[in-house]
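Read-outs throughout are calculated quantities, based only on the coordinates presented, and are distinct from any laboratory measurement. Small disclaimer: the values here were computed from a predicted structure and weren't measured. When we count neighbours, we look across all protein chains shown, and the Cβ atoms used for this are built from the backbone with ideal geometry, even at glycine.
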Amino acid sequence: MKQKTYEFTDNFTWVKGNNTFTFGTHNEFYDITYGFVNSWNGRVAYGSVNDFLNNKPSRVRTNFNYTDNTRDYIWNNPPAAFKINLYSLYAQDEIRVGKLKLTPGIRVDLADLPNKQPLSPKTTSAPVDPNYGTTYTYTLPKDIKNDFLGQLQVSPRLGFNYDVMGNQRFIIRGGTGIFTGRIPFAWLGYAYYNNGVTYGAYDQKSSTPYAAGTDPIKDALSSNIGEANFVKNQNKDIKDANGATQVDLVDNKFKMPQAWRSSLAFDYTLPAGWKFTLEGIYTKVIYDLKFQQINYVDNPTYYVYDTKHQQPIYSGAKINTAYTNAYLLSNTKEGNRYSITAQVAKAFDFGLTVNAAYTYGQSKDITNGIRNSMESNWQLNQALSPNNPGLAYSNFDTRHRIVSTANYRLDWNNAKKYITTLSLYFSAASGVPYSYGLINTTYDGTGQSQSLVYIPKTEDLGKFFADQTMATAFDNYVNGDKYLKTRRGDFTERNGGRTPWNTTMDFRLAQDFNLTVGKNVHTITFTYDIVNLTNLLNSNWGKVYFSPNTFNSMASTGLKVTAPATAGAYPTYTWANPGKPYSVDFFGSRYQMQAGLRYTF
């Protein structure tokens, strides 16, 4: 990705009486060339090590340029060259009336994409049918018209600060307003080359491994030409602008993310110097992100145990056979987060300063939007109904966090010549969230890479497991997991599990030597740090737990699900113990020491 960015900002401030007016503009101009082509060298997946050793792939994917798929041509003709212009105007007034300060303001943002991506004739002459029924809840107008962005987004705001007693001892402060963000512009790059005109996509998959003599791709894979040459040879056969391909689309009227945020805080300081703060923040989504695969016929069935119809099972039939996959970026109005923080601080006369804070928060969304493409954001977003994901805990859900600092400053002989500073930093946070389910496998007919899974009740295990010994082992595994045992008779949830708490403490010693040289003071500072002092005190303390993001913080339940042969029957479960659902950062979990020397003049 090559990017040139130009910014222009200008502010004008005018003071008149009790008012301080600010008028301004901030503008960003992006010239982007995005040259990444997903799976250009081919992407071959195998269901097991044995399948790999026997050259029996379960899925083969590639993207290719219709005109010329050579590296030199793509290098000289990058698939996505586009401009994005972000304009903003804002006005604010700071009004002081006695003990009260009011700050009303308004901001207007405009995101403009002058050269939108070309659209395939298939999206106009044979548009994707929007009539998906009630499961997809998809209401896009009949044609994709590239009618997105380019709309004014208005963000009014109001802040206040009230000095109740007039001496800064008791402050009430807060505000409410709308805030507009942005998306990663790389997502738009995919919409340029996955447009059905410039590039084609090949996605061949099967529920059983391909074997020689049973599938058109088998000969190329079973020979010794290699995967890259396989893709090259395959392109000769499928490089047809009239053939099925993948498209990435942007919803009509798509807007930049926008949220309404409000806060209220109380600061109170006692005569003895103790300061107490209580602050709450609430954020409600106005426009957030949603990713869908909109080319599946909305003909769901449900397994017999799914009495609430939470997990639709699709046939895999395509609405429009002109496409393989059709991914759509659109907006959702679902999502919220809040936090409450209590804090106490005190500075003592003898040089000690202490601070402690506790935060409780929750954050819910329908997707975290952290992947680099529309396809990945959809495939790796765990949901029972992938095109209509419900609210769930965010990957960034905070829940509990405790932070405390203590600093002691000693000025030897009060001469400001030799100063010693000792610091401690303590942090304890509830575990990071992760999802329990099936990794890199799906049984709902959509091709999504992650599947949440139904956890049977103990009395129903015989309906799912053919092997009673395996059923008993799985039952014991579920009983030993504090989250899974709460999901019996129901599905796992996105980010329902949590790692253990992460608790660490750091230490710093800083020694200043202040030397007078002429009329100036020169300072030599020696520092000594112990990172993760907790682990130094006890080898079992200070461990840092995390959930790997390879599969979007997905942890395996160890289950493999095989669809039933007849309608109305139960799927078949097999199980192998997957081990712990989270990992330990071995480097971050070790204490580290470092010394430093700084000269200031």
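Assuming R0 = 25 Å, what is the FRET efficiency of ASP306 and TYR282, from their Cβ-Cβ distance, to the nearest 0.05? The partial results should precede the final answer.
On the way: r = 34 Å, r/R0 = 1.37.
Efficiency, rounded to the nearest 0.05: 0.15.
Percent antiparallel among DSSP beta bridges with both residues in the chain, to the nearest 5?
Working: 191 of 201 bridges.
Roughly 95 percent of the beta bridges in the chain run antiparallel, per DSSP.
Short version: what are the Cα gyration tensor semi-axes of region 333-404, square root of 5 times each eigenvalue, largest first, in whole Å?
Numbers: eigenvalues 310, 32, 12 Å².
Semi-axes from the Cα gyration tensor: 39, 13, 8 Å.
Between TYR408 and TYR268, what's the calculated FRET efficiency when r is the beta-carbon distance and R0 is 25 Å? Round to 0.05.
Efficiency at R0 = 25 Å is approximately 0.50.
Using the Kirkwood radius over C-alpha pairs as Rh, can you work out the diffusion coefficient of the chain via Stokes-Einstein at 10 °C, viscosity 1.306 mPa s, in µm² per second? Intermediate values should be presented prior to the final figure.
Working: Rh = 28.7 Å.
Answer from the Stokes-Einstein relation: 55 µm²/s.
Suppose each label sits 7 Å from its Cα in the direction of the beta carbon; what would the VAL49-TYR338 distance come out to in nanometres?
So the label points at VAL49 and TYR338 sit 5.1 nm apart.
So how far apart, in nm, are the two label points at SER583 and TYR66 if each is 7 Å from Cα heading toward Cβ?
About 4.1 nm separates the two model spin labels.
Under the rule a/c < 1.5 gives rounded, and otherwise a/b versus b/c splits prolate from oblate, where does region 468-575 land using the Cα gyration tensor?
Prolate, because a/c is 1.5 or more and a/b exceeds b/c.
May I ask which of LYS364/LYS485; LYS560/LYS580; LYS2/LYS255; LYS333/LYS580; LYS56/LYS580 have a Cα-Cα span longer than 26 Å here? The partial results should precede the final answer.
Working: LYS364/LYS485 23 Å; LYS560/LYS580 17 Å; LYS2/LYS255 24 Å; LYS333/LYS580 35 Å; LYS56/LYS580 30 Å.
Over 26 Å apart, Cα to Cα: LYS333/LYS580; LYS56/LYS580.
Calculate the spin-label point distance for ALA567 paired with ARG59, positioning each point 7 Å from the Cα along the beta-carbon direction, and give it in nanometres.
Between ARG59 and ALA567, the simple spin-label model gives 2.7 nm.
Based solely on its DSSP helices, what 222 nm [θ] is calculated for the chain when runs of n ≥ 4 H residues each add -39,500 (n - 2.57) and the sum is averaged over all residues, nearest 500 deg cm²/dmol?
That comes out to -3000 deg cm²/dmol.
For SER539 and GLN168, what does the FRET efficiency come to when R0 = 56 Å and r is the distance between their Cβ atoms, rounded to the nearest 0.05?
For SER539 and GLN168, the calculated efficiency is 0.75.
Mind checking the angle between helix 468-479 and the chain's longest principal axis? C-alpha axes, 0 to 90 degrees, to the nearest 10.
Long axis of 468-479 versus the principal axis of the chain: about 20 degrees.
Place a label point 7 angstrom from the Cα of SER427 along the Cα-to-Cβ direction, then list the residues of region 545-562 whose backbone nitrogen is under 17 Å away.
Answer for region 545-562: 545-547.
Once you have the Kirkwood Rh of region 408-510 from its Cα pairs, apply Stokes-Einstein at 20 °C and 1.002 mPa s and quote D in µm²/s.
Calculated translational D: 119 µm²/s.
Can you sort VAL544, VAL521 by how many other beta carbons sit within 10 Å, fewest first?
Values: VAL544 18, VAL521 13.
Starting with the residue having the fewest Cβ neighbours, the order is VAL521, VAL544.
Please work out how much length the chain gains when fully extended from GLN3 to PHE601, using 0.36 nm per residue of separation minus the C-alpha to C-alpha distance, in nm with one decimal. Provide the component values of the computation, followed by the final result.
Working: separation 598, 0.36 × 598 = 215.28 nm, distance 3.91 nm.
In short, 211.4 nm is gained.
May I ask you to compute the full-extension gain from THR486 to ASP112, defined as 0.36 nm times their residue separation minus their alpha-carbon distance, rounded to one decimal in nm?
Result: 129.8 nm gained on full extension.
Taking region 401-601, how much of its Cα-Cα pair set, in percent, is spaced more than 23 angstrom apart?
Taking all Cα-Cα pairs of region 401-601, the fraction more than 23 Å apart is 61 percent.
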